[in-house]
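The values are calculated or read from the model by the stated rules, or taken from the named source; none is laboratory data. A quick note: this is a predicted structure, and the numbers were derived from the prediction, not measured. Neighbour counts run over all protein chains shown; Cβ positions are idealised from the backbone, glycine included. Quick note on the areas: whole protein, heavy atoms, side chains included, nothing else; ligands and nucleic acids left out. Shrake-Rupley method; radii C 1.70, N 1.55, O 1.52, S 1.80 Å.
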Amino acid sequence: TNFWSARVRYSYDLVRFNEFTPTFGRLPETRIYIIPRARFFLNSNENRPLFFNYQFRWEKFAQFRENYYGRGYTHELAANARLFGHTRIEFRGIYVREFLQDGSPFQIRRLFVTRLAHQFTRKLRARLLGQVANNRHGQEFNVNSVVAYDFTARSAVFAGYNFQRQSPTRPGNLGHELFFKFSYLFQF
């Protein structure tokens with residue numbers, strides 16, 4: 001009756017990949033990895049001006065980019081607020097702990113996300129996303145923002161700014177990026 005909800009979910013995938021080795025030098029025969037996942041969700045009443053979501057995940061996974069097969073667990077907590085009818089703000093924290101197949105610790109990842117969205121009029125809106133993440137490779141900081149104006153139901157103009165910084169510095173750093181986009185739907 002209070003619109004709170006709790007759910008539990010279990011699923012699994014079968015993934016075919018070369019067996020993981022400490023180096024990429026030798027690729028042994030392909031094998032099938034079983035990737036089970038168990039999840040628990042708890043949500044408060046989303047019809048309220050202030051609500052929260054909590055999620056716990058336990059899973060095995062094949063991390064192809066890092067070249068390992070292991071297990072991990074994740075805690076994710078989000079608080080959301082609707083202010084003055086047209087403004088939404090979200091704070092989200094994610095904590096991930098990963099272990100190798102033999103049980104030894106691999107890495108801890110942390111991610112903090114803030115989202116802010118405001119609807120000025122029916123046609124004019126703005127969004128801002130700030131994100132800080134860290135893992136065994138270092139720290140990353142991102143800011144993404146966009147202002148959009150819908151001049152018809154299916155056509156709009158966008159202006160935005162993105163910033164990305166990684167520490168230690170990597171070639172993939174975007175730095176500052178300013179963009180404009182025009183979208184128009186032609187009817188024939």
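Within region 105-149, the set of residues being closer than 23 Å to Tyr69 by Cα and either over 20 Å from the mean Cα position of the chain (by Cα) or aliphatic (A, V, I, L, M) (or both) comprises Pro105, Phe106, Ile108, Leu111, Ala133.
Taking residues in region 142-165 that are small (Gly, Ala, Ser), and partners anywhere that are not in a strand (DSSP E or B), the pairs with Cβ atoms closer than 9 Å and at least 6 places apart or on different chains are Ala148/Lys123; Ala153/Leu185; Ser155/Tyr184; Ser155/Leu185; Ala156/Lys123; Ala156/Tyr184. The condition of being at negative phi, in a strand (DSSP E or B), among the hydrophobic types (A, V, I, L, M, F, W, C) and open to solvent by 50 Å² or more (accessible area, probe 1.4 Å) holds for only one of Leu116, Leu129, that being Leu116. Among the criteria (1) crowded, with 16+ Cβ neighbours inside 10 Å; (2) basic (Lys, Arg); (3) more than 30 Å from Trp4 (Cα to Cα), the one Arg136 does not fulfil is (1). Is it the case that Gly138 is in contact with a Pro (Cβ under 7 Å, 6 or more places away or on another chain) and closer than 30 Å to Trp58 by Cβ? It is true that Gly138 is in contact with a Pro (Cβ under 7 Å, 6 or more places away or on another chain) and closer than 30 Å to Trp58 by Cβ.
Test Tyr68 against the stated conditions and say whether it is touching a residue at least 24 places away in the same chain (Cβ under 8 Å), of a type in the set (Phe, Trp, Tyr) and crowded, with 16+ Cβ neighbours inside 10 Å. Criteria met by Tyr68. So, Leu124, is that one aliphatic (A, V, I, L, M), at pLDDT 90 or above and either under 30 Å from Arg97 (Cα atoms) or loosely packed, with under 12 Cβ neighbours inside 10 Å (or both) or not? Taking the combined requirement at face value, the residue does not satisfy it. Regarding Ala148, is this residue hydrophobic (A, V, I, L, M, F, W, C) and open to solvent by 80 Å² or more (accessible area, probe 1.4 Å)? Criteria not met by Ala148.
Taken over region 88-104, the criterion of being within 20 Å of the chain's Cα centre (by Cα) and over 17 Å from His75 (Cα atoms) is satisfied by Arg88, Ile89. Scan region 138-147 and give yes if some residue there is assigned to a loop (DSSP other than H, G, I, E, B), in contact with a Gly (Cβ under 6 Å, 6 or more places away or on another chain) and on the phi < 0 side of the Ramachandran plot, otherwise no. Among the residues of region 138-147, not one is assigned to a loop (DSSP other than H, G, I, E, B), in contact with a Gly (Cβ under 6 Å, 6 or more places away or on another chain) and on the phi < 0 side of the Ramachandran plot, which makes the answer no. If a residue has to be β-branched (Val, Ile, Thr), open to solvent by 20 Å² or more (accessible area, probe 1.4 Å) and farther than 14 Å from Leu50 by Cα to count, how many in region 71-104 make the cut? Counting residues in region 71-104 that are β-branched (Val, Ile, Thr), open to solvent by 20 Å² or more (accessible area, probe 1.4 Å) and farther than 14 Å from Leu50 by Cα gives 1.
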